[in-house]
Amino acid sequence: MHDLTGKTALITGASRGIGAATAVAMANAGASVVLAARSSDEIEAVADSIRTNGGNAIAVTCDVSNFETVENTVAKCLESYGKLDIFVGNAGVIDPIGPLVSSNPVSWTNALQINVVGAYNGLRSVLPIMQAQQSGTIINISSGAAHSPMEGWSHYCAAKAATAMLLNNARLEHADDSIRFFGLRPGTVATYMQAAIKASGINPVSQMDPSEHFKPEWPAAAIVWMCTKDADAFLGQELYMGDDELQRRAGLV
């Protein structure tokens, strides 16, 4: 098992799916975790479960599309644990799914606000801290949609492409600050997003059998491994969950 004892991690979108599984995995590896999401009851339930099992966790209600609430969440992390070693930018939405030609401009823009501006708000809030301490790990959850168009996912594909480049820009600008940057492309994962995609009936992903998706615990394990020195050979890269070497190093096979 990979050891994160003494580390503090902040995870956005931590109420369910990959975010919640990552919070649990990091706590099990010894890290103190801050769970951030809009759904207060859900993140508090996950944090309470972690504490019940002997881990350190707090839940902070946070809307990533609002910079002030993200800054406040980072401040709460520092107030509670005195440090911030790991940031996992996981928050994102897949809705609304549908053709670009009939898309709702308000809903489409709101999705971009969460998926792109939310990613920026996270980086903007944590980078000054990690720059000052000359250490830290930043992991953004990417997607194959960042590299290939998918029918019905115009906002999601555009957002993931933008956030991938945003992370590259941060890596370039902080090349001398000893900050570790990664993207993780988790593939299809059995989360609420897949339920929404399945219900839409649009594009080949919606036709996949649920048994074909990774369980959230798999990318969570990969993220824990990415926070260790064993992943240093892959610094700056966007890793793919389906890669055999990643699965082996993360202890999944």
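The values are calculated or read from the model by the stated rules, or taken from the named source; none is laboratory data. None of these values were measured; they are calculated from a predicted model. Positions of Cβ are backbone-derived with ideal geometry, glycine not excepted, and every protein chain shown enters the neighbour counts.
Evaluate the following for Arg180: is it buried (at least 19 other Cβ atoms within 10 Å of the Cβ) and within 24 Å of Ser15 (Cβ to Cβ)? Show your work before the answer.
Values: buried (at least 19 other Cβ atoms within 10 Å of the Cβ): yes; within 24 Å of Ser15 (Cβ to Cβ): no.
Taking the combined requirement at face value, the residue does not satisfy it.
Does Met1 satisfy being surrounded by fewer than 15 Cβ atoms within 10 Å (Cβ to Cβ) and within 29 Å of Gln247 (Cα to Cα)? Let's see the steps before the verdict.
Working: surrounded by fewer than 15 Cβ atoms within 10 Å (Cβ to Cβ): yes; within 29 Å of Gln247 (Cα to Cα): yes.
So Met1 fits the description; yes.
Between a first residue in the stretch 206-229 that is over 14 Å from Gly17 (Cα atoms) and free of Cβ contacts under 8 Å to residues at least 40 places away in the same chain and a second residue that is among the β-branched types (Val, Ile, Thr) and part of a helix (DSSP H, G or I), which pairs have beta carbons less than 7 Å apart while being 6 or more apart in sequence or on different chains?
As it stands, the answer is Ser206/Ile197, since those pairs meet every condition given.
Would you confirm whether any residue within the stretch 115-132 is touching a Phe, Trp or Tyr at 6+ places or on another chain (Cβ under 9 Å) and under 28 Å from Pro204 (Cβ atoms)?
Yes, the stretch 115-132 contains a residue that is touching a Phe, Trp or Tyr at 6+ places or on another chain (Cβ under 9 Å) and under 28 Å from Pro204 (Cβ atoms).
Of all residues in the stretch 21-39, count the ones that are of a type outside the set (A, V, I, L, M, F, W, C) and assigned to a strand (DSSP E or B).
So the answer is 1.
Scan Ala162, Ala119 and give me the residue that is touching a residue at least 40 places away in the same chain (Cβ under 8 Å), in contact with a Gly (Cβ under 6 Å, 6 or more places away or on another chain) and among the small types (Gly, Ala, Ser).
The unique qualifying residue is Ala119.
Quick one: in the stretch 4-20, of everything that is part of a helix (DSSP H, G or I) and crowded, with 24+ Cβ neighbours inside 10 Å, which residue is farthest from the chain's Cα centre (by Cα)?
Of everything passing the filter in the stretch 4-20, Ala20 is farthest from the chain's Cα centre (by Cα).
Does Met165 satisfy being at pLDDT below 95, within 16 Å of the chain's Cα centre (by Cα) and under 27 Å from Thr109 (Cβ atoms)?
On the way: at pLDDT below 95: no; within 16 Å of the chain's Cα centre (by Cα): yes; under 27 Å from Thr109 (Cβ atoms): yes.
In short, no.
Could you tell me which numbered condition Ala25 fails, if it satisfies all but one of (1) touching a residue at least 12 places away in the same chain (Cβ under 8 Å); (2) more than 15 Å from Val224 (Cβ to Cβ); (3) not aromatic (Phe, Trp, Tyr)?
Just one mismatch for Ala25, condition (2).
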